[in-house]
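Notes to accompany the following structure.
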Amino acid sequence: MSKLDTAHGPFVELIDQGRIFYVPEYQRAYSWRANKSVAELWSDILRLYTNAIDHGRTDSHFIGSVVVGAASTKALGPVECPIIDGQQRLITLSLIVAAIRDELVDDPAEKAEITQQYLAHFKQDKISSSRVRPGADDRASYDEIIQQGDPDKRTLVYKAYAYIVDRLYQGPTEEDADPDVSEDSGDKADSADETVNSDLVDADTDFEDDNHSDDDGQSYVVWDWETLLSVVGTQLELVSISDVPPESAYQIFATLNSKGLPLSQVDLTRNAVFMLMPKGGKRAHAEFWTPMEAVMGKELLQAYLHTWVIRHGYNVPAKEIYSSAVKLLSPPGFSEASVRKQLRDMHNAGWTYLLITRPNIPSDRAKFGAGVTVPKAIVAALVRLQEWGVVPMEPVLMEVLDRFRGGQLKQADVLRILSYLESFVVRRFIAQVPPNDLRSIFARLTQQIRRKTTASAFESALLEGLSEKLRRWPTDAELTDAMMRRPLYRPKGQRWTFFVLKRIAVHLDGKEAPQIVIGTTRGDYSIEHILPQSFPAAWRMDLASWGDPDPQETWQTLVDVSGNLTLTAYNSELSNLPFNQPGLKMDKRRWIKGNLRLELSKMVLANQRWTRAEIDLRSTSLAKTAITIWPLP
């Protein structure tokens, strides 16, 4: 890396140059929240202002760094320089200066002087450009503020500006100028530069400045605006790294963010990718990245990037997406062309990822290149896997469905493989195999199948991998034993218990199966215990009268097993009703016979009593159905 131009100085020296500091298109939008990061920086400014007014002190305060790329050559006028790191900081400082100008300065000539020194370049006495140019999403609102126009009040840029206007109206309060705020708080605020921390997504107050002045348009609070502006311009200091050549931009960016600064993995990855493409980055961003972010949104895009790096051999936690992606994109000897190819492949595979995560929305997939018509049976299988939860197996599903898209796997092949994958996770749940190793299992399995070129070799490798002893795919005997002896109902696993019972119910009812939806509103289904969870005294007496050798043990060991569970929309009506008491107004047998339609529930009507023997018999029957639904190879 060539020697860089590094300087340390106040904000005014950086901004009062013949440059336009612009935010590249691949950088994300302004994200500082008024009540958090802006407030922290303002607290530092108020502390410095108070010290200057009360004690005559002009201490400097370091607020972080700004990294600027090499300037574009331009014969006349200010040159344009991309901001590599520090856009949040520069935009916020400019907004603070604009608020001071608008709220505290009366003289039009002085207003114009502030605008010219800090905020804008002029040509023939008219603003030709802002000194700081935000990205496309923020530019219009920012420029309106700089030019004292009518900004969009919904934007974070405006909310930051309005927050400062509100603070100026209120004056320096003890709460604002907190003496306990550490000297490092500016760095802390600035470590949020480029951040989308979860603690910053709280709704901002809509600060309005309509009532901030008296009838003459003057602030009620007397400020020494020149001192306040001097604090911002000359006492806030930055380290600036300038004229960074394109080939060094990524290295600088990576170094600044190698210590876990709170940028999102999506933002880190995006910025790194396009710094690796100084010539063609703008075009590639529009072609490949923008559609992914627009269709998926940041949350799903981050999940996709995680799947992408795992699929390519990096089984890492989510916090290491960015570092892994960079290793994949920039191996020794990489070129801009190779980065573009990988980015194009990533975009193209977005079709497959959306088939996995949004199987019922083909219009989203259509934005990611040519696909294939997906049969309803495959969509239905993917919807079921979505209900279960597919995150750990997404890399494997990408391999399967990419091969279907490319014609290497036929519909029957895909349906068979999806059936085995569902079988693997469901059988493990029923047998109470801990799920914490699933991500590692599927990550390793992805590498086992990834290089297989024929359909038969691919499926064989997948089944061999799933069947490895340590991966614990329960046998039919183990599944039957679990259905009879282990609790299928678990307080923290009710989602998966419902899934198992629903699949069995639909299988038993066939084409006549109703729509079974979990929920609490009228008509929704929930899990019902035939032998009640609370074990009332009447049930205890019934089990004893039916010859159950130990009613208490039966209840303790079998209340949550498969044979004692069903699905119903009448959970509250059934509740603790006795099983079979003809002398009473109602019991469970009569309620089930008269109201319930699922064969899963009606199969209990073959019994006149409900003891250990009947529960075991039903568990065995359900286990046989489960073996059919979730087969082994």
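The values are calculated or read from the model by the stated rules, or taken from the named source; none is laboratory data. Quick caveat, the model's predicted, so the values are computed rather than measured. Counting neighbours? That spans all protein chains shown, and the Cβs are built from the backbone with ideal geometry, glycine included. Each accessible area value is taken on the protein alone, full model and side chains, heavy atoms only, with ligands, DNA and RNA left out. Shrake-Rupley method; radii C 1.70, N 1.55, O 1.52, S 1.80 Å.
Please list, by residue number, every one of the trypsin sites (Lys or Arg not before Pro) in region 1-67 that is coil in DSSP and has at most 10 other beta-carbon atoms within 10 Å. Write down the numbers at each step before the final one.
Numbers: sites: Lys3, Arg19, Arg28, Arg33, Lys36, Arg47, Arg57; in loops: Lys3, Arg28, Arg33, Arg57.
The qualifying sites are Lys3.
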How long is the gain from Leu415 to Val79 if the chain were fully straight, where each residue apart is worth 0.36 nm and the alpha carbon distance is subtracted? 115.1 nm
Need one number: nm distance between label points at Ala294 and Leu328, each 7 Å from Cα along Cα→Cβ, rounded to one decimal. 2.4
For Gln552 and Gln17, compute 0.36 nm times the residue count separating them, minus their Cα-Cα distance, and round to one decimal in nm. 184.2 nm
Please work out the Cα center distance from region 6-65 to region 361-427, rounded to the nearest Å. 51
Between region 471-535 and region 598-633, the alpha-carbon center distance in angstrom: 11
Per-residue [θ]222 nm for the chain (sum of -39500 (n - 2.57) over DSSP H runs n ≥ 4, rounded to 500): -15000 deg cm²/dmol
Counting heavy atoms of the protein chains only and a 1.4 Å probe, report the per residue accessible area for the chain as a whole number of Å². 45
Within region 555-633, trypsin sites (Lys or Arg not before Pro) in DSSP loop having at most 10 other beta-carbon neighbours inside 10 Å: Lys585
Mark the label point 7 Å from the Cα of His55 along Cα→Cβ and return the residues of region 224-239 whose backbone N is within less than 20 Å of it. 224, 227-237
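Carbon-plus-sulfur fraction of the accessible area of the chain, 1.4 Å probe, in percent?
On the way: 14350 of 28640 Å².
The nonpolar share, carbon plus sulfur, comes to 50 percent.
Within region 357-421, report the trypsin sites (Lys or Arg not before Pro) that DSSP leaves as loop and that have at most 14 other Cβ atoms within 10 Å.
Values: sites: Arg365, Lys367, Lys376, Arg384, Arg403, Arg405, Lys410, Arg416; in loops: Lys410.
Taking region 357-421 and a limit of 14 other Cβ atoms within 10 Å, the loop trypsin sites (Lys or Arg not before Pro) found are Lys410.
Once you order the gyration tensor axes a ≥ b ≥ c over the Cα atoms, which shape class does region 355-468 get: rounded for a/c under 1.5, otherwise prolate or oblate by comparing a/b with b/c? If you can, show how the numbers build up before the last one.
Numbers: a/c = 1.83, a/b = 1.30, b/c = 1.41.
Taking the square roots of the gyration eigenvalues as a ≥ b ≥ c, region 355-468 is oblate.
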Where does the chain land on Rg(C-alpha)/(2.2 N^0.38 Å)? 1.28
What do you reckon, how do Glu144, Glu422 stack up by accessible area (1.4 Å probe), largest on top? Glu144, Glu422
Estimated FRET transfer efficiency when R0 is 25 angstrom, pair Gln608-Val383 (beta carbons, to 0.05): 0.05
Using a 1.4 angstrom probe with every protein chain in place, what is the largest-first accessible-area order of Asp125, Asp44, Asp550, Asp509? Asp125, Asp550, Asp509, Asp44
Cα-projected label distance for Glu478 with Asn436, points at 7 Å along beta-carbon direction, nm: 1.9
How many percent of all Cα-Cα pairs in region 43-147 sit more than 18 Å apart? 59
Could you pull out every one of the lysines with an alpha carbon less than 24 Å from that of Lys126, ignoring same-chain neighbours closer than 8 positions? Lys74, Lys111
Any lysines with Cα under 26 Å of the Lys588 Cα? List them, leaving off those in the same chain fewer than 8 positions away. Lys502, Lys602, Lys624
